[in-house]
1. By average Cβ neighbour count within 10 Å, what is the ranking of 65-72, 170-177 from highest down?
2. Which semi-axis lengths, in whole Å and largest first, follow from the square roots of five times the eigenvalues of the Cα gyration tensor of the chain?
3. Evaluate the distance, in nm, between pseudo-label points positioned 7 Å from the Cα of Ala155 and of Ala185 along their respective Cα→Cβ axes.
4. Which helices, taking whole DSSP H runs in the chain, have alpha carbons extending 20 angstrom or more along the helix axis plus mean Kyte-Doolittle at least -0.5?
5. Taking 41 Å as R0, compute the FRET efficiency from the Cβ-Cβ separation of Glu105 and Ala70 and round it to 0.05.
6. Quote to one decimal, in nm, the extra length available between Leu49 and Gln86 on full extension: 0.36 nm per residue of separation minus the C-alpha distance between them.
7. How much accessible area per residue does the chain have, counting only protein heavy atoms and a probe of 1.4 Å, in square angstrom?
8. What does the accessible area of Val36 come to, in Å² to the nearest 10, when a probe of 1.4 Å is used?
Amino acid sequence: MAAHSSAALVAAQTDEPQGIELFLPAGYDLLWSAVVLVIIAVAFYKFILPQMNKVLDERAALIEGGIEKAEAAQKAADDALAQQQQLLAEARAEAAQVREEARAEGTAIVKDLRAKASEEAERITETAHRQIEAERQSAAVSLRTEVGSLATELASKIVGESLEDSARQSRVVDRFLDELEASQAVASNKEA
């Protein structure tokens with residue numbers, strides 16, 4: 001027992017904690033730690049916390065403003081897109097209308113040019129017919145004159161008298177040519 005009591009005595013003299021006391025600090029350490037914690041908490045609450053709240057509020061306002069600006073920009077972009085699509089649709093409709101008008105105008109121009117060409121062709125044909133008729137008349141007059149002079153020469157040789165009188169000559173030639181035309185008309189009626 002003496003060994004046991006001497007060990008307890010040595011342990012009491014050195015003041016070393018044992019058991020659960022190893023984990024618990026001394027009372028004065030707890031007191032001063034609590035005082036320092038309260039001072040730090042009061043300083044944090046009075047000085048640092050309001051500054052942090054101010055910074056966080058500014059950031060929240062800035063973020064909310066940014067979101068509102070982004071929503072406004074998105075709405076403006078959507079409105080601009082809708083307006084652009086409407087303008088594009090109007091431009092397409094106008095282009096289709098211009099194409100249709102151009103097509104109709106082209107058709108009208110072609111029709112007008114065809115009518116003018118037809119009129120010009122009719123005019124040229126009519127002019128050619130008149131010119132042919134005039135040339136035929138001229139040829140007929142020229143032929144009458146030549147045939148008349150040849151016929152009067154031949155008739156004067158056959159009859160033996162002079163047919164130099166122009167009135168008589170004209171009557172003989174006209175009667176000869178009328179008979180010649182009548183015989184041609186009869187011949188063409190038989191062929192048809």
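The values are calculated or read from the model by the stated rules, or taken from the named source; none is laboratory data. What you see is a predicted model, and the numbers here were worked out from it, not measured in a lab. Ideal geometry is used to build each Cβ from the backbone, glycine not excepted, and the neighbour counts take in all protein chains shown. Only protein heavy atoms, including side chains, enter the accessible area calculation; ligands, DNA and RNA are left aside. Shrake-Rupley method; radii C 1.70, N 1.55, O 1.52, S 1.80 Å.
1. 170-177, 65-72
2. 150, 21, 11
3. Label at Ala155, label at Ala185, 2.0 nm between them.
4. Sorted by number, the helices that extend far enough and score high enough are 27-43, 49-159.
5. After rounding, the FRET efficiency stands at 0.20.
6. Working it through step by step, the gained length comes to 7.9 nm.
7. Accessible area per residue: 87 Å².
8. The accessible area of Val36 comes to roughly 80 Å².
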